[in-house]
Amino acid sequence: MRMSSRFAPGSMPDELYFLCMLHNLGATTPERSLSLEEISRWTVIEPAKAEENLRKLIENNHVQSNSVSGTQKYFITVNGIRKVLSMYS
């Protein structure tokens, strides 16, 4: 199933498209958080670009990070989930 064209790259800011991808990956709780390396691999986005998107999303309180065994991991906050779901309605 394809996302509608309104969710295609270039039709919205990169960080919001990236937020939708994190949501689709299921990174929605601290227990399901993903490392930068995992996010980069699953989204096929260069680590530097993924890190830039994560920084913007953290600033907007859409993503939060936590440290697990010394590794930074990222997950979508409740506000981030609301943002994603509002784009579908």
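Just so you know, all these numbers are worked out from the coordinates, no wet-lab data involved. Just so it is clear, the model here is predicted, and its values are computed rather than measured. So basically every Cβ, Gly included, is an ideal-geometry build from the backbone, and we count neighbours across all protein chains shown.
Things worth noting here:
- Residues of segment 15-64 that turn out to be closer than 18 Å to V78 by Cβ and over 11 Å from the mean Cα position of the chain (by Cα), as a count: 7
- Of everything in segment 53-88 that is part of a loop (DSSP other than H, G, I, E, B) and not β-branched (V, I, T), the residue that is nearest to L19 (Cα to Cα) is H62.
- Residue count for segment 27-37, restricted to those that are outside any loop (DSSP other than H, G, I, E, B) and touching a residue at least 12 places away in the same chain (Cβ under 8 Å): 5
- Lone unmet requirement of (1) surrounded by fewer than 18 Cβ atoms within 10 Å (Cβ to Cβ); (2) part of a helix (DSSP H, G or I) for A50: (1)
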